[in-house]
Amino acid sequence: MKIISVGNSFAQDAQAYLHTLAASAGEEIHSENLMIGGCSLERHAGCLKNNLDDYVLEVNGVSTEKHITLREALTKEKWDVVTLQQASHYSFDYGTYMPYLQELSDGVRALCPGAEQVIHQTWAYEDGSERLTVELGFSTSQEMYDGLEDAYNKAARQLGGARQIPSGLAFRLAQEAGFGPLHRDTFHAQIPQGRYLLSAVWFTFFTGKNAAEAGFLPEGMTQQEKRLLDRIAYEAVERKKAEK
């Protein structure tokens, strides 16, 4: 399976262990991320329109340090899946999605007519984060999650019922289970636990398998943590699937 993300650092977190995790379960997933830190849908749409080489290409979780245009990236392989997402600091505000999401989706369809477009649901910031409270004006992580859940659901409907990778839901379920830390700087995913959870969600979403079937264990994580995160990842995918 070949997956490319029109993403940012949140897609970078999600793809960090994906290839290795999948390989340890006998699955072949080739993933690439088009990296611009904090990139919004508006900027992605502008990069496509103006054919800008602002992206740094990441392959299977590793930066190539090569700059590339969106058009070049989308046409250099026969992609099975293209993931789209909003920048985390706009994720809860659906007004920032349009018309850019539709413009981006239309462009992706023209360049990759056979690829499935999937929404990557990002996650809420950590409780107590200044970014959460001072910059975004939320009192709790739950409030931010509720907002982004609603916005991503609307985005999925706008794209004709696109499937969603429930990374945000998985973080929420892990927090409800008392697991932590999930964030490394109050907003990016903790290394290795947060990144592992995200990769487990993506693995389960795309293969239908429980990540418990995979032998990969990143350095700095325990088998007990892996068992819990594998269960949470599977639950998040199944719960989001049931919403359809």
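Looking only at region 67-96, residues that are under 16 Å from the mean Cα position of the chain (by Cα) and either surrounded by fewer than 16 Cβ atoms within 10 Å (Cβ to Cβ) or among the aliphatic types (A, V, I, L, M) (or both) come to 4 in all. Counting the residues of region 1-20 that are open to solvent by less than 20 Å² (accessible area, probe 1.4 Å) and either among the charged types (D, E, K, R) or on the phi > 0 side of the Ramachandran plot (or both) gives 1.
For every residue, the table says whether it meets (1) buried (at least 19 other Cβ atoms within 10 Å of the Cβ); (2) touching a residue at least 12 places away in the same chain (Cβ under 8 Å); (3) in a loop (DSSP other than H, G, I, E, B).
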position	(1), (2), (3)
Gln102	no, yes, no
Ser105	yes, yes, no
Ala110	no, no, no
Gly114	no, yes, yes
Val118	yes, yes, no
Trp123	yes, yes, yes
Asp127	no, yes, yes
Val134	no, no, no
Ser139	no, no, yes
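Taking the criterion of being closer than 12 Å to Gln12 by Cβ and surrounded by fewer than 22 Cβ atoms within 10 Å (Cβ to Cβ), the residues of region 36-59 that qualify are Ile36, Gly37, Gly38, Val56, Leu57, Val59. Return yes when Ala170 is in contact with a Leu (Cβ under 6 Å, 6 or more places away or on another chain) and either closer than 19 Å to Leu18 by Cβ or of a type in the set (A, V, I, L, M, F, W, C) (or both) and no when it is not. In short, yes. When Arg157, Arg163 are checked against the criterion of being surrounded by fewer than 20 Cβ atoms within 10 Å (Cβ to Cβ) and touching a residue at least 24 places away in the same chain (Cβ under 8 Å), a single residue qualifies: Arg163.
Of the residues in region 176-203, how many are part of a helix (DSSP H, G or I) and buried (at least 19 other Cβ atoms within 10 Å of the Cβ)? Even if it seems obvious, please write down each step before you answer.
Initially, region 176-203 is screened for residues part of a helix (DSSP H, G or I), giving 176, 193-203.
With the extra rule that they be buried (at least 19 other Cβ atoms within 10 Å of the Cβ), the set shrinks to 193-203.
Going through region 176-203 one residue at a time, the tally reaches 11.
The values are calculated or read from the model by the stated rules, or taken from the named source; none is laboratory data. Please read all numbers here as calculations on a predicted model, not as lab measurements. Here Cβ is always computed from backbone atoms with ideal geometry, including for glycine, and neighbour counts include all displayed protein chains. Accessible surface is based on the protein model in full, side chains and every heavy atom, while ligands, DNA and RNA are left aside. Shrake-Rupley method; radii C 1.70, N 1.55, O 1.52, S 1.80 Å.
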